[in-house]
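Notes follow once the structure below has been shown.
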């Protein structure tokens, strides 16, 4: 798309969007429309100043003036084809797909969880296969014990007790994470670092190796024992050591262009008592290690995750590769979703829990809350969330909805499910 055509199309779609939203066009929606007109994602940075300037100019016009201007450019707006059903996923085998949803037991499900999880579940229903709900509880400090039961019950309700559904808890699989950590140490892909957090940040900032980076395998295995075992007074204490991934020199090592990829942590000592495991373990895997291991062990084929997890996806690719897997063949296909920003909602299980404990709400099913328990109590069916998720599809564009807009859409999908006698 050339600059002149881009400017005309931006004006047209910005005017159309502004008229639909009481005079204020949303940049995300306009850019999404431009993608359908041929704008390439890699060119957005190149043209973003032009687009923003046009948006500002149009949003400063009165609604009446916007309507008059749109009449001149109406022919520039293409009628978009409405997608029916789910989009097709690539690389699907005859056996179907294996997908997952990974909530933390910090509280019950809210609508954000329901919409994201439903999309993956629908793909499993479409192609056949397996759908895992993986309760990620390897951070002992942020666990609300009743959430284990709530997540299991709400998963069975939301996913209709489907035969494809299986639920498991990460803290019951600690041996897997320890075994893979040792594999990474033994093939020189991980090391135990005793540098302080502040010192290590300075090394990363200066693109310098820390003194621990090139210790031999035997020394690292000995250090790992001093992290994980509980019976010696000579063991490392909490905060004294961390297991780090050793970013390969082939992709830049400690000079990798993205600082977030430079020798990121894999596991740390945390002496907090775990609600299920009590004091059984003192070393807990961090997210990138546990996620990579579980995706390998459960043979995940496709992942749908929020687009703010792009760096984590890259880190997990690096772990796969270090363990001998071929990225093109073995790493799950990954789709990224834009965020749905729901105005007037608090979509934080931890915050909702605090508010319930402070008696601002009667419980997780308080009708004022955007929780699954509340919406179920109000008469919403699982299929309402499925319909919303299917309509949204695999879009990376952020969407802003206020409370009224959201419930109008959800009500429509709920009525549709009632009409079908589901």
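Across the stretch 99-330, the fraction of Cα-Cα pairs farther apart than 29 Å, rounded to a whole number, is 32%. Helix 217-228 against the longest principal axis of the chain: what's the angle in degrees, Cα atoms only, rounded to the nearest 10? Once rounded, one gets 80 degrees.
Taking 246, 233, 93 as the candidate residues, the one with maximal mean-square fluctuation in a Gaussian network model of the chain, Cα springs under 10 Å, is 233. In this rough spin-label picture, where each label sits 7 Å from Cα along the Cβ direction, the residue 61-residue 3 distance is 2.2 nm.
Please state the relative contact order of the chain as a whole percent: Cα pairs under 8 Å, 6+ residues apart?
With pairs under 8 Å counted, the relative contact order is 16 percent.
So how do 398, 43 line up by other beta-carbon neighbours within 10 Å, fewest first?
Working: 398 17, 43 13.
Exposure proxy ranking, most exposed first: 43, 398.
Relative to one another, the C-alpha centroids of the stretch 339-417 and the stretch 265-317 are positioned 27 Å apart. Working ranking of peptides 52-58, 63-69 by packing, defined as the average number of other Cβ atoms within 10 Å per residue, highest first, is 52-58, 63-69. Angle of helix 382-392 to the longest C-alpha principal axis of the chain, folded into 0 to 90 degrees and rounded to 10: 70°.
Shape descriptor for the stretch 3-76: Rg over Rh equals 0.94 (Cα atoms; Rh from the Kirkwood inverse mean 1/r). To the nearest ten degrees, helix 3-20 and the longest principal axis of the Cα atoms of the chain are 80 degrees apart.
Given the rule -39500 (n - 2.57) for each run of at least 4 DSSP H residues, summed and divided by the residues of the chain, what is its mean residue ellipticity at 222 nm, to the nearest 500 deg cm²/dmol? Spell out each step's value before the answer.
Numbers: 16 runs with 190 residues, N = 422.
Only helices count here, giving -14000 deg cm²/dmol.
How fast does the chain diffuse by Stokes-Einstein, in µm²/s, taking the Kirkwood radius from C-alpha pairs at 4 °C and 1.567 mPa s? Rounded, D is 53 µm²/s.
A short reminder: the numbers here are calculations on the coordinates, not readings from a lab. Keep in mind the model is a prediction, meaning the values are calculated, not measured. Backbone-built Cβ (ideal geometry, glycine too); neighbour counts: all protein chains shown.
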